[in-house]
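Have a look at the structure below before the remarks.
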């Protein structure tokens, strides 16, 4: 599996995720349509042009989803059972159509699961930034990671 197991993560580790993603107008409009979000800040250029942003901004829940998704290949692909929760979600700056996002992850805490001996609980902090380094989202996430399986002795 390309993801990391519980044992691979240490408190204080920082992971710079290589994958970046440019957010398009289509991404934003389609996401708003699929989630039935009619907020004019996201879908009405005339309305948004009269706000302090001067243009439409990308839906914050889409930004959250992209930031978590960008971490999957390096962090969780095939090595988690569940996302247990999201906390302290902050959007310090807006995302606009055409912005490219990158993510850094920090391991905040970890412990073995009390109820599942083959898993551990890890608290992560993800920071999503534009290509120029401007932070656009910070989120803490609690994840149920698999522990590394024992080596097979069959032969």
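A short reminder: the numbers here are calculations on the coordinates, not readings from a lab. For clarity, every value in this text was computed on a predicted model and none was experimentally measured. All Cβ positions, even for glycine, are placed from backbone atoms using ideal geometry, and neighbour counts span all protein chains on display.
Using only Cα atoms and rounding to the nearest 10 degrees, what angle (0 to 90) does helix 60-75 make with the longest principal axis of the chain? Once rounded, the angle reads 30 degrees. Here the Gaussian network model covers the chain, with springs between Cα atoms less than 10 Å apart; of 29, 95, 136, 29 fluctuates the most.
Using the Cβ-Cβ distance between residue 37 and residue 142 with R0 set to 25 Å, the FRET efficiency works out to roughly 0.45. Residue separation of residue 113 and residue 13 scaled by 0.36 nm, minus their Cα-Cα distance, works out to 34.0 nm of gained length. Each stretch of four or more DSSP H residues adds -39500 (n - 2.57); spread over every residue of the chain, this sum gives -6500 deg cm²/dmol at 222 nm.
With distances taken between every two different alpha-carbon atoms, the chain has a Kirkwood hydrodynamic radius of 16.9 Å. Compared with the dominant Cα axis of the chain, that is its longest principal axis, helix 25-34 is turned about 80°. Per-residue packing, averaged as other Cβ atoms within 10 Å, sorts the ranges 98-108, 50-60 into the order 98-108, 50-60, beginning with the highest.
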